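Chemist: Shown below is the structure under consideration.
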Amino acid sequence: MPNYTDFVAMTRVDAAEYLARFLDDQQRSLDRFASTIDRELTFSPNSLESVWDAVEPKFAWRSGYEPPPLGQPGPRIDADQLEPPEDLPSWFHHPSSAGYARFSADTLWLIDGAARYLGEMLIETAGGRWASGNERTKRYMFQNQPVITGISPEPMSPMQTCSVLAARSLRQRVERGPRTLADVYNSWRN
């Protein structure tokens, strides 16, 4: 089985090293994102609608994936159905679940770019910072993963949030919660 990122197994040192690599790749990832959506990334709140309008039509499920009825678990996706780890964003994990694995590789890269853009914009405009998620609660969802801290009492995961936005867009159902990058930005700022 390929070695996808295993945040749960990381030590604090491993998590710090991962975060450093993640941040070292920030500009390259943002440049790839801007090129893919053919938009200049101005890091202004006013740009979020334009960026979302460019990203949203490009979202796609993984080939063969059918979303389950609302409230039902998604189908198991085996590792042999996935691209090799080097072809996916470094934060991709839990390959057997239908979480991130339900998205096409291109969509995962769009989520990566949108999440990094949202995170960097929050840092520039609200004073947050990237950190490794670290809570002492059992089964903490974002343990050792890149999160934004310093804006609200709870760390925020741009990757998880952007994947939720992508899924909401693809399901095309009315669901409670934010629907666009601007919605998330405004709720996290308040």
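The values are calculated or read from the model by the stated rules, or taken from the named source; none is laboratory data. Quick caveat: nothing in here was measured; it's all calculated off a predicted structure. We place every Cβ from the backbone using ideal geometry, glycine too, and count neighbours over all the protein chains shown.
Chemist: For the range 57-100: of the residues being acidic (Asp, Glu) and not in a loop (DSSP other than H, G, I, E, B), which is surrounded by the most Cβ atoms within 10 Å (Cβ to Cβ)?
Modeler: Across the range 57-100, the extreme among qualifying residues is Asp87.
Chemist: What is the number of the single condition among (1) in contact with a helix residue (DSSP H, G or I) (Cβ under 6 Å, 6 or more places away or on another chain); (2) in contact (Cβ under 8 Å) with a residue 24 or more places away in the chain that Phe22 does not meet?
Modeler: Every listed condition holds for Phe22 apart from (1).
Chemist: Hey, another quick one. Answer yes if at least one residue in the range 31-41 is farther than 19 Å from Tyr185 by Cβ, in a helix (DSSP H, G or I) and among the acidic types (Asp, Glu), and no otherwise.
Modeler: yes
Chemist: Continuing with the same structure: Kindly provide the set of residues from the range 35-49 that are over 12 Å from Met121 (Cβ atoms) and surrounded by fewer than 16 Cβ atoms within 10 Å (Cβ to Cβ), ordered by number.
Modeler: Ser35, Thr36, Asp38, Glu40, Glu49
Chemist: Touching a residue at least 12 places away in the same chain (Cβ under 8 Å), of a type in the set (S, T, N, Q) and more than 25 Å from Gly133 (Cα to Cα): is that true of Thr36 in this structure?
Modeler: So Thr36 fits the description; yes.
Chemist: Any idea how many residues of the range 5-30 are at pLDDT below 95, out of contact with any Phe, Trp or Tyr (no Cβ under 7 Å at 6 or more places or on another chain) and not in a helix (DSSP H, G or I)?
Modeler: Count: 5.
Chemist: Still on this structure, I have one more. Scan the range 18-64 for residues that are of a type in the set (Lys, Arg) and in contact with a Lys or Arg (Cβ under 9 Å, 6 or more places away or on another chain) and jot them down.
Modeler: Arg62
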